[in-house]
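Trainee: The structure is given below, and queries will be raised subsequently.
The values are calculated or read from the model by the stated rules, or taken from the named source; none is laboratory data. These figures come from a predicted structure and were not determined experimentally. Here the Cβ positions follow ideal geometry from the backbone for every residue, glycine too, while neighbour counts run over all protein chains shown.
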Ligand SMILES: Cc1cc2nc3c(=O)[nH]c(=O)nc-3n(C[C@H](O)[C@H](O)[C@H](O)COP(=O)(O)OP(=O)(O)OC[C@H]3O[C@@H](n4cnc5c(N)ncnc54)[C@H](O)[C@@H]3O)c2cc1C
């Protein structure tokens, strides 16, 4: 992929300047460039061409080395804890460091957005895009796509803990869902993952890097956008750690749920008191909190397999591109109206200080995500 040198950046200009080569930015950049526009994508993180991006166990090193770990305010409901908020800082963004579980979202949620005034976001509106994005191993139907860049398949690793979980959920009255990304999301099912022949299939790889030569966006890695350059009320470029980049048409913010509002606030665009008033920026943040429980098992897990099973797993990956090495941390899921439970036959810790023993129980608890007031969104805080 062409990349402008730092010296050239000082006078760079394009039709579109996109902040963030993450899940969304990669798609938008590739689509605009393939339509003939000149596009510069500015990404604070480094390349995704590294082995830990490819395989699910890589989340352990990625969490440490390709993660913004946005600081958070102390959460009084959690003993004043300040857990860092995880987000990918790498080409591919959070999609390059995440657990690869492919979850499309509830149709009703999109319909609620449309009813609340978000025109174009009902499930019927977004369904064609979901289908265009994916190449589902089960083949195209009314709900699934069969020819898109992101490859989606069943988790692939079959462990008896997963089977026991699925059986238990059906015995408890939950439906066994043949395709949780199809007609309905609710019920219990094996996990679907975005993976192609055992390797993570993410938009940095499948859209940005796969764009045809000649219509590829210019990608600037390890370059952080520090502010939006305004001419009156119009965004005309971005200030970066390597100089100004001008946009002839538009500046597109795709810096993530923390990064985008953070940049707006730092550029004077926000609620009352900001130079340019735009209500809602930096507020109403909601997150998907995770509580992890660890249970001892009577059957071998991926943590306790012996050398023979480990060698079999390696062979399975090399020959079939499946098995424990290609798996996701979450191999089966139950989705209900009120909660979601995901299960996997493996336990590992990501990051220091996320772990907390709950007194009086043998369970292990940690939070991957922080409370609802990330300090990184405050104006003038460094990114
Ligand atoms: C640890 C983890 C596990 C997850 N697991 C799953 C899962 O299993 N399944 C699932 O569906 N979802 C999962 N998610 C959520 C999912 O990955 C995100 O919702 C999605 O990737 C967000 O896409 P995005 O384009 O909005 O942001 P991102 O993909 O985060 O992209 C933002 C990009 O902008 C860059 N950026 C930010 N600020 C700047 C700046 N100032 N200058 C330049 N570049 C900047 C970042 O480095 C990043 O590359 C997980 C997320 C995390 C963090």
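Trainee: Looking at (1) modelled with pLDDT of 95 or more; (2) not in a loop (DSSP other than H, G, I, E, B), can you tell me which one residue 108 breaks?
Mentor: Of the numbered conditions (1) modelled with pLDDT of 95 or more; (2) not in a loop (DSSP other than H, G, I, E, B), the odd one out for residue 108 is (1).
Trainee: Run residue 55 past the list (1) modelled with pLDDT of 95 or more; (2) over 25 Å from residue 229 (Cβ atoms); (3) away from the ligand (no atom under 13 Å from the Cβ) and report the number of the one that doesn't hold.
Mentor: Of (1) modelled with pLDDT of 95 or more; (2) over 25 Å from residue 229 (Cβ atoms); (3) away from the ligand (no atom under 13 Å from the Cβ), only one is false for residue 55: (1).
This table checks each residue for (1) away from the ligand (no atom under 13 Å from the Cβ); (2) assigned to a loop (DSSP other than H, G, I, E, B).
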position	(1), (2)
284	yes, yes
288	no, yes
295	yes, yes
301	yes, yes
310	yes, no
316	yes, no
319	yes, no
329	no, yes
347	yes, yes
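Trainee: Which condition breaks for residue 136 when tested against (1) more than 28 Å from residue 206 (Cβ to Cβ); (2) at pLDDT 95 or above?
Mentor: (1)
Trainee: Determine which single condition residue 95 fails, assuming it passes every other condition in (1) modelled with pLDDT of 95 or more; (2) surrounded by fewer than 18 Cβ atoms within 10 Å (Cβ to Cβ); (3) within 16 Å of the ligand (Cβ to nearest atom); (4) in a helix (DSSP H, G or I).
Mentor: Exception for residue 95: condition (2).
For every residue, the table says whether it meets (1) assigned by TED's automatic domain parsing to the domain that holds residue 72; (2) surrounded by fewer than 17 Cβ atoms within 10 Å (Cβ to Cβ); (3) at pLDDT 85 or above.
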| residue | (1), (2), (3) |
| --- | --- |
| 311 | no, yes, yes |
| 314 | no, yes, yes |
| 317 | no, no, yes |
| 331 | no, no, yes |
| 334 | no, no, yes |
| 338 | no, yes, yes |
| 341 | no, yes, yes |
| 353 | no, yes, no |
| 356 | no, yes, no |
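Trainee: For residues that are over 12 Å from the mean Cα position of the chain (by Cα) and at negative phi, scanning just the stretch 77-92, find the one that is farthest from the ligand (Cβ to nearest atom).
Mentor: 77
Trainee: Pairs only if they're at least six apart or on different chains, beta carbon under 6 angstrom, first in the stretch 281-295 and under 17 Å from residue 75 (Cα atoms), second within 12 Å of the ligand (Cβ to nearest atom); list them, first residue then second.
Mentor: 287/369; 289/369; 290/368
Trainee: Here's another thing I want to ask about it. Restricting to the stretch 234-262, and then to whatever is assigned to a helix (DSSP H, G or I) and farther than 15 Å from residue 21 by Cβ, can you tell me which residue is farthest from the ligand (Cβ to nearest atom)?
Mentor: Taking the candidates together, the pick is 261.
Trainee: If a residue must be within 24 Å of residue 28 (Cα to Cα), in contact (Cβ under 8 Å) with a residue 24 or more places away in the chain and in contact with a strand residue (DSSP E or B) (Cβ under 7 Å, 6 or more places away or on another chain), how many such residues does the stretch 247-280 contain?
Mentor: Here the count works out to 16.
Trainee: In the stretch 35-46, how many residues are surrounded by 20 or more Cβ atoms within 10 Å (Cβ to Cβ) and away from the ligand (no atom under 11 Å from the Cβ)?
Mentor: 2
Trainee: Being modelled with pLDDT under 95 and in contact with a helix residue (DSSP H, G or I) (Cβ under 6 Å, 6 or more places away or on another chain) narrows it down to one of 254, 242, so name that one.
Mentor: 242
Trainee: Shifting gears a bit: Output the residues belonging to the stretch 220-233 that are outside any loop (DSSP other than H, G, I, E, B) and within 11 Å of the ligand (Cβ to nearest atom).
Mentor: 220, 225, 226, 227, 228 - these are the residues of the stretch 220-233 that are outside any loop (DSSP other than H, G, I, E, B) and within 11 Å of the ligand (Cβ to nearest atom).
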